[in-house]
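Trainee: Handing you this structure, nothing more for now.
The values are calculated or read from the model by the stated rules, or taken from the named source; none is laboratory data. From a predicted model like this one, the values you see are computed outputs, not experimental measurements. Cβ placement follows ideal geometry from the backbone for every residue including glycine, while neighbour counts extend to all protein chains displayed. Note: accessible area is taken over every heavy atom of the protein model, side chains too, but ligands, DNA and RNA are not part of it. Shrake-Rupley method; radii C 1.70, N 1.55, O 1.52, S 1.80 Å.
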Amino acid sequence: MSGTGLAIRGRFADITGSGVENTAERLREQDDGLLLIRDGLIEWFGPWQERCGTIPASYGLHDHRGKLIVPGFIDSHVHFPQTAIIGSHGEQLLEWLENYAFPAEKRFADRKYAGRMANFFIRELLRNGTTSAMVFSTVHAGSVEAVFEAALARNMRLISGKTLMDRNAPEQLCDTPQSGYDQSRELLKKYHNNKRLLYAITPRFAPTSSPEQLAEAGRLKREFPDVYVQTHLSENRAEIAWVRELFPERATYLDVYDHYGLTGPRSIFAHCLHLEDEEWQGLARTGSTIAFCPTSNLFLGSGLFSLDRARQEQVRVGMATDVGGGTSFSLLTTLGEGYKVLQLQQQNMAGAEALYLATLGGAEALGLDHLLGSFTPGKEADCIVLDPGATPLLELRSSQAESIGELLFALMTLGDDRAVSHTYVDGRLVHKRGEVMGCKG
Ligand code: GUN
Ligand code: ZN
């Protein structure tokens, strides 16, 4: 937003500090708080009483008392071209890709269709309180333009890139090592650090890229070390066996990516369900991070992610919907399902840690915690307003909550898009529940 300011009043919660340890003690509450926003950045955050008399007259005041304001959610792995096939019945990963994902992705050769779907997708993120995301597009450069342009129109912080696939996929969805490199380079030059956009080199997963293509992806990463890498790792047992067949000379699945220079602090690996010890150590050693995708892992019957192991190995983790393998755009729902995945393994996640994973933890996993994830002044002003009374049952349950941790837990167990009453991006209101909000995108 330019030249104007905004004051938001209400009950606030965020996580301060860094890392996954002691999130309960780092939960910062402001029962009657004030957030001052100027030019899209957080200017001041603290008790309403302290600054209410000095809010500049030019600032608008949005009063959300009775609700809970938290930093905007970060979805660390989601496929925008799979929005229309969410909830497709009956298959595990490799068959699901063949029968549902690939046919859906073919349609994105049509730039107009890609544009419409990108706008639907971005609106869906905002309706669900997701203000930043790391997004898979398709092999078509136009699909990447479409999602970047839709994000640009709202000045969202969004990471995406052209999917690289040159084998084991339908012909219409295949590029070549050279065309994949050239198109990725062109897109990253146009979009990386264009306002709040960031580029990710995006080999889909090892089975759909030849060694030559992975080498080209690695070359691009060496040439542009501050861009991201996003891909999939160790999701499904048949997939892992296939990688072993395709790359017999590599010690592990992770070693395939590592060999081509695709691991590191800006590399985000989705799933990581069946890792070998040396893969965990490899992720930790290289500073690579994981996207935890519980609804997808359950829906595709892929397996159970061990958050405890990630904590032990000190590998950073972000929450992810993985739509359309995942079954919800809501990070509240995703956290609720994540909790159940952990329960099945005698692991745990309390309300404060859940808030951490969906906000500051996601920002840390993407190396964006200096910009996102809490109400620290100077950070970018993305925040959401959660309504503890969104449904009769949520209202009843919330009224019994004796702490903010308990309230957060009720929200993630019972809440979804209905619990997101307002979404702010870049200091501007971009979603208000029940209203269709205009946007030039
Ligand atoms: N592995 C390779 N491609 C995909 C995809 O589109 N979805 C999921 N869940 N896993 C993948
Ligand atoms: Zn995925």
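Trainee: When the convex hull of the C-alpha atoms of segment 1-135 is computed, what volume per residue in Å³ does it have?
Mentor: Hull volume over Cα atoms, normalised by residue count, gives 171 Å³.
Trainee: What ranking, highest mean first, results for peptides 140-152, 37-49 when packing means the other Cβ atoms within 10 Å averaged over each residue?
Mentor: 140-152, 37-49
Trainee: If I model a spin label as a point 7 Å beyond the Cα along the Cα-Cβ vector, how far apart are those points for Glu278 and Arg116 in nm?
Mentor: Distance between label points: 5.0 nm.
Trainee: Which value, in Å², gives the accessible area per residue of the chain when a 1.4 Å probe is used on the protein heavy atoms?
Mentor: Ligands and nucleic acids excluded, the figure is 37 Å² per residue.
Trainee: Further question on the same structure: Once fully extended, how much extra length lies between Glu212 and Gln92, figured as 0.36 nm per residue of separation less the alpha-carbon to alpha-carbon distance?
Mentor: Stretched out fully, the Glu212 to Gln92 stretch lengthens by 40.4 nm.
Trainee: Angle between the Cα long axis of helix 211-223 and the longest principal axis of the chain, 0 to 90 degrees, nearest 10?
Mentor: 40
Trainee: What are the extents of the Cα atoms of segment 393-441 along their three principal axes, in Å, largest first?
Mentor: Principal-axis extents of segment 393-441 (Cα, largest first): 42, 20, 14 Å.
Trainee: Taking amide H positions as placed 1.01 Å from N in the peptide plane, with prolines and chain starts having none, which residues 5 or more places from His64, or on another chain, fall under 5 Å of its amide H?
Mentor: Those qualifying (amide H under 5 Å, at least 5 residues apart or on another chain) are Arg9, Gly10.
Trainee: On to the next question. Taking only the alpha carbons of segment 197-325, what extent do you get along each of the three principal axes, in Å, biggest first?
Mentor: Each principal axis gives a Cα extent; for segment 197-325 these are 36, 34, 29 Å.
Trainee: By what distance, in whole Å, do the Cα atoms of segment 105-207 stretch along each of the three principal axes, largest value first?
Mentor: For segment 105-207, the Cα extents along the three principal axes come out at 36, 25, 24 Å.
Trainee: Assuming 0.36 nm per residue, please report the length gained on full extension of the stretch Glu406 to Ala109 beyond their Cα-Cα distance.
Mentor: 102.3 nm
Trainee: Filter the cross-link list Lys189/Lys432; Lys112/Lys195; Lys189/Lys340; Lys106/Lys340; Lys112/Lys379 down to pairs whose alpha-carbon distance in this structure exceeds 32 Å.
Mentor: Lys189/Lys432; Lys189/Lys340; Lys106/Lys340; Lys112/Lys379
Trainee: Set the Förster radius R0 to 51 Å, insert the Cβ-Cβ distance between Arg285 and Leu61 as r into 1/(1 + (r/R0)^6), and round the FRET efficiency to 0.05.
Mentor: The calculated FRET efficiency here is 0.55.
Trainee: Now for a separate question. So how far apart, in nm, are the two label points at Arg167 and Lys432 if each is 7 Å from Cα heading toward Cβ?
Mentor: Taking the two extended label points, one gets 5.5 nm.
Trainee: Between 0 and 90 degrees, rounded to the nearest ten: what's the tilt of helix 141-152 against the longest Cα principal axis of the chain?
Mentor: Once rounded, one gets 10 degrees.
Trainee: OK, next. Can you tell me the order of 308-320, 244-256 when each peptide is scored by its average per-residue count of other Cβ atoms within 10 angstrom, highest first?
Mentor: 308-320, 244-256
Trainee: Taking 8 Å as the Cα distance limit and 6 or more residues as the minimum spacing, I'd like the relative contact order of the chain as a percentage.
Mentor: 20
Trainee: Once Rh for segment 1-71 is found with the Kirkwood sum over Cα pairs, what is the Stokes-Einstein diffusion coefficient at 25 °C and 0.890 mPa s, in µm²/s?
Mentor: Using the Kirkwood radius from Cα pairs, D works out to 190 µm²/s.
Trainee: Where the centre of each part is set by its Cα atoms, how far does segment 328-362 sit from segment 276-303, in angstrom?
Mentor: One Cα centre to the other: 15 Å.
Trainee: Then there's this: Give me the angle, in degrees from 0 to 90, between the Cα long axis of helix 177-191 and the longest principal axis of the Cα atoms of the chain, rounded to the nearest 10.
Mentor: The angle comes out near 20 degrees.
Trainee: Using alpha carbons only, what's the Rg to Rh ratio of the chain with Rh from Kirkwood?
Mentor: Rg/Rh: 0.96.
Trainee: Turning to a different aspect of this structure: At R0 = 51 Å, how high is the FRET efficiency between Gln314 and Leu396 if r is their beta carbon distance? Nearest 0.05 is fine.
Mentor: 0.80
Trainee: Can I ask one more? Share of the chain's accessible area from carbon and sulfur, percent, 1.4 Å?
Mentor: After summing per-atom areas, the C and S share lands at 48 percent.
Trainee: A further question on this structure: Where Rh is the Kirkwood radius over the Cα pairs of segment 264-315, the temperature 20 °C and the viscosity 1.002 mPa s, what D in µm²/s does Stokes-Einstein return?
Mentor: Rounded, D is 192 µm²/s.
Trainee: Considering only Gly90, Gly17, Gly60, give the residue with the highest GNM mean-square fluctuation for the chain, with springs between Cα atoms whenever their separation is below 10 Å.
Mentor: Taking springs between Cα atoms under 10 Å, the residue moving most is Gly90.
Trainee: Now for a separate question. Nearest 500 deg cm²/dmol is fine: what mean residue ellipticity at 222 nm does the chain get from its DSSP H runs of n ≥ 4 alone, each adding -39,500 (n - 2.57), divided by its residue count?
Mentor: So the calculated ellipticity at 222 nm is -10000 deg cm²/dmol.
Trainee: Taking the Cα centre of each part, how many Å lie between segment 210-265 and segment 64-88?
Mentor: Here the answer is 28 Å between Cα centres.
Trainee: Extension gain Asn22-Ala241, at 0.36 nm per residue separation less the Cα-Cα distance, in nm?
Mentor: Full-extension gain reported as 75.0 nm.
Trainee: In units of 2.2 N^0.38 Å, what is the alpha-carbon radius of gyration of segment 290-435?
Mentor: 1.05
Trainee: Given the convex hull over the Cα atoms of segment 168-242, what projected area results after averaging over all orientations, in nm²?
Mentor: Reported value for the Cα convex hull: 5.7 nm².
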